[in-house]
Amino acid sequence: MLNFVYHPDYSYDFPDHHRFPMSKFFRLHRWLQDQGLLDQVWVQSPDKASIGDLSRVHDLAYVTAMADGSLSDAQLKRLRLPWTPELANRSFLAANGTYLTCQLAIRHGLALHMAGGTHHSHREGGAGFCVFNDMAYATIRLLESAQVERVLILDTDVHQGDGTAQILKGYPGSFTCSLHCQQNYPHPKACSDLDVPIQKGCDDQGYLDILERTLDLLLERFAPDLVIYDAGADIHEHDQLGLLQVSAEGMAQRDHLVFDRCIRDGIAVAGVIGGGYSADREALVSLHGIPFRVAIENAGKWGLRLRKTVA
C-alpha cells in the first residue's frame with residue numbers, strides 16, 4: 001500500500017509575500033488532487049506530538065515556549081517566523097507527520113509526507129523557518145522503541161542539515177548525510193556523519209553522479225533499515241535560494257534513483273518535501289509534487305499496491 005501523509009492545518013492564514021511559502025502544503029495537496037494522484041493512494045493524517053515527546057529531541061523550555069507563545073525576541077529572530085497559535089499547532093502536527101510516515105514506510109516499503117524536512121532546528125531552538133526537527137524526532141522515537149535498528153537520514157535539500165547533524169551527533173543507530181550547496185546557508189556548516197558539499201552551478205548529470213556514488217557508499221557501509229529522505233525542491237535551477245542548476249527532470253531522476261535503489265535493496269523509504277522557494281507558488285508545488293508522482297508511476301514495479309490502477 002502506498003501512503004501519503006497530510007493534515008489540513010499544515011497551512012494557515014499567513015502573509016503570502018513572506019519568503020517562507022506557508023501555503024505550499026495546502027497547495028501541494030490541491031495540486032496532487034487536481035492531477036488525480038490522490039485517488040491512487042491512501043492519505044493518512046497525524047495526531048499532534050506531545051510536549052513530552054518533543055522534549056526527547058529539543059530542550060523542554062523551548063518546546064514549552066513554542067506551545068504557549070513565550071519565545072524570546074532572539075528566538076523569533078533566529079526562527080524567522082512570527083509566532084501564532086496556528087504555527088504552534090502545525091509544528092506539533094508536522095513532527096508527528098514525519099514519524100507516522102516512517103511507520104508507514106516500515107510497514108509497506110515507501111511512504112511520503114506532504115511536509116517535513118525542517119532540518120535547521122537545533123536541540124536548543126528553531127532556526128531558518130524550521131520549528132522542530134521532524135527527521136531527528138522521528139529517528140529518535142523509532143530507535144528508542146526498537147521499531148528499527150539503523151536509520152539513515154539522506155538530506156538532499158540545497159541547504160545543509162545542520163540541526164539534524166547537531167541533534168543526532170553520536171546517537172547510536174543513526175547516520176546523517178547531507179548533500180548540499182557548499183556556498184549556501186548555513187554559515188558555518190555543522191558536521192554530519194557524511195557531508196557532501198556540491199559546488200554552485202552543478203547541473204543534472206554532475207548532481208546525479210555525486211548522488212549515485214554517495215548512495216553506493218552509504219548503503220554498503222551503513223546498511224540502514226530505513227532511509228528518511230529529504231527531497232528538497234530548492235536544488236531546482238530557478239529556486240530563489242538555491243544556487244544549483246538542476247532541472248525538474250533531474251529532480252525526478254534523483255527521486256527515482258533514491259526510491260529504486262533503496263526499495264530494491266529491501267530498505268524502507270520515508271520521504272519529506274524539504275525546502276523550496278519561489279514567488280510562483282503553483283510552479284513551486286509542481287516541483288514538490290515530483291517525488292509523489294515518481295512514487296505512483298513506479299509503484300507497480302516496486303510491488304506497492306495502489307487504490308486504483310494508474311491510467
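Can you find, within region 36-54, the residue that is modelled with the lowest pLDDT among those that are assigned to a loop (DSSP other than H, G, I, E, B) and exposed (fewer than 15 other Cβ atoms within 10 Å of the Cβ)?
Quick first cut of region 36-54, residues assigned to a loop (DSSP other than H, G, I, E, B) only: 36-37, 41, 45-50.
Those left that are additionally exposed (fewer than 15 other Cβ atoms within 10 Å of the Cβ): 36, 45, 47, 50.
Details: GLY36: 95, SER45: 98, ASP47: 98, SER50: 98.
It comes out as GLY36.
Going by the structure shown, is GLY126 of a type outside the set (Ser, Thr, Tyr) and at positive phi? Explain how you work it out, then say what you get.
Values: of a type outside the set (Ser, Thr, Tyr): yes; at positive phi: no.
When the stated conditions are applied, GLY126 does not pass them.
Starting from residues that are buried (at least 21 other Cβ atoms within 10 Å of the Cβ) and of a type in the set (Ser, Thr, Tyr), keep the ones in region 142-171 and report whichever is farthest from ASP204 (Cα to Cα). Even if it seems obvious, please write down each step before you answer.
Let us first name the residues in region 142-171 that are buried (at least 21 other Cβ atoms within 10 Å of the Cβ), namely 142, 151-165, 167-168.
Now narrow it down to the ones that are of a type in the set (Ser, Thr, Tyr): 156, 164.
Values: THR156: 13, THR164: 26 Å.
Per the stated criteria, the residue is THR164.
Report the residue count in region 281-297 for those that are small (Gly, Ala, Ser) and within 14 Å of the chain's Cα centre (by Cα).
Initially, region 281-297 is screened for residues small (Gly, Ala, Ser), giving 283, 286, 289, 295.
If we keep only those that are within 14 Å of the chain's Cα centre (by Cα) too, we end up with 289.
The number of residues fulfilling the criteria is 1.
Considering only residues of region 90-99 that are more than 13 Å from the chain's Cα centre (by Cα) and among the hydrophobic types (A, V, I, L, M, F, W, C), which is surrounded by the fewest Cβ atoms within 10 Å (Cβ to Cβ)?
Residues of region 90-99 more than 13 Å from the chain's Cα centre (by Cα): 90-93.
Add one more test, that the residue is among the hydrophobic types (A, V, I, L, M, F, W, C), and what stays is 92-93.
Numbers: PHE92: 24, LEU93: 19.
For region 90-99, the residue satisfying everything is LEU93.
Taking the residues in region 100-129 that are under 15 Å from the mean Cα position of the chain (by Cα) and among the small types (Gly, Ala, Ser) as candidates, determine which candidate is nearest to TYR185 (Cα to Cα).
Once the filter is applied, the top-ranked residue is GLY128.
Find the strands (runs of 3 or more DSSP E) located wholly in region 172-280 whose residues include 2 or more that are under 18 Å from the mean Cα position of the chain (by Cα), touching a residue at least 60 places away in the same chain (Cβ under 8 Å) and crowded, with 18+ Cβ neighbours inside 10 Å, and list them. Talk me through it step by step, then tell me what you get.
On the way: elements: 174-181, 194-198, 226-230, 268-272.
In region 172-280, the matching strands (runs of 3 or more DSSP E) lie at 226-230, 268-272.
From the list PHE20, PHE92, which one is under 28 Å from ALA111 (Cα atoms), touching a Leu at 6+ places or on another chain (Cβ under 9 Å), assigned to a helix (DSSP H, G or I) and of a type outside the set (Lys, Arg)?
PHE92
Of (1) touching a Ser or Thr at 6+ places or on another chain (Cβ under 9 Å); (2) aliphatic (A, V, I, L, M); (3) within 18 Å of PHE129 (Cβ to Cβ), LEU81 satisfies all except one. Which?
(1)
Can you tell me which of LEU87, LEU76, LEU112 is closer than 17 Å to TYR10 by Cβ, of a type in the set (A, V, I, L, M, F, W, C) and surrounded by fewer than 20 Cβ atoms within 10 Å (Cβ to Cβ)? Give the derivation first.
Details: LEU76 fails: closer than 17 Å to TYR10 by Cβ; LEU112 fails: surrounded by fewer than 20 Cβ atoms within 10 Å (Cβ to Cβ).
Sole residue among the options that is closer than 17 Å to TYR10 by Cβ, of a type in the set (A, V, I, L, M, F, W, C) and surrounded by fewer than 20 Cβ atoms within 10 Å (Cβ to Cβ): LEU87.
Return only the number of the condition from (1) in contact with a Leu (Cβ under 8 Å, 6 or more places away or on another chain); (2) surrounded by 19 or more Cβ atoms within 10 Å (Cβ to Cβ); (3) not in a helix (DSSP H, G or I) that VAL57 does not satisfy.
(1)
When you go through (1) in contact (Cβ under 8 Å) with a residue 40 or more places away in the chain; (2) in a helix (DSSP H, G or I) one by one for LEU143, which number turns out not to apply?
So the condition that LEU143 fails would be (1).
If I filter region 102-111 for residues that are in a helix (DSSP H, G or I), modelled with pLDDT of 95 or more and charged (D, E, K, R), do I get at least one hit? Don't jump to the end; show me each part of the working.
Kept after step one, since they are in a helix (DSSP H, G or I), are these residues of region 102-111: 102-108.
Narrowing further to those that are modelled with pLDDT of 95 or more: 102-108.
In the following step, the residues that additionally are charged (D, E, K, R) were identified as 107.
Yes, there is a match, as at least one residue in region 102-111 is in a helix (DSSP H, G or I), modelled with pLDDT of 95 or more and charged (D, E, K, R).
The values are calculated or read from the model by the stated rules, or taken from the named source; none is laboratory data. Given the structure is predicted, the values throughout are model-derived calculations rather than measurements. As a convention, Cβ positions derive from the backbone with ideal geometry for all residues, glycine included, and neighbour counts pool all protein chains shown.
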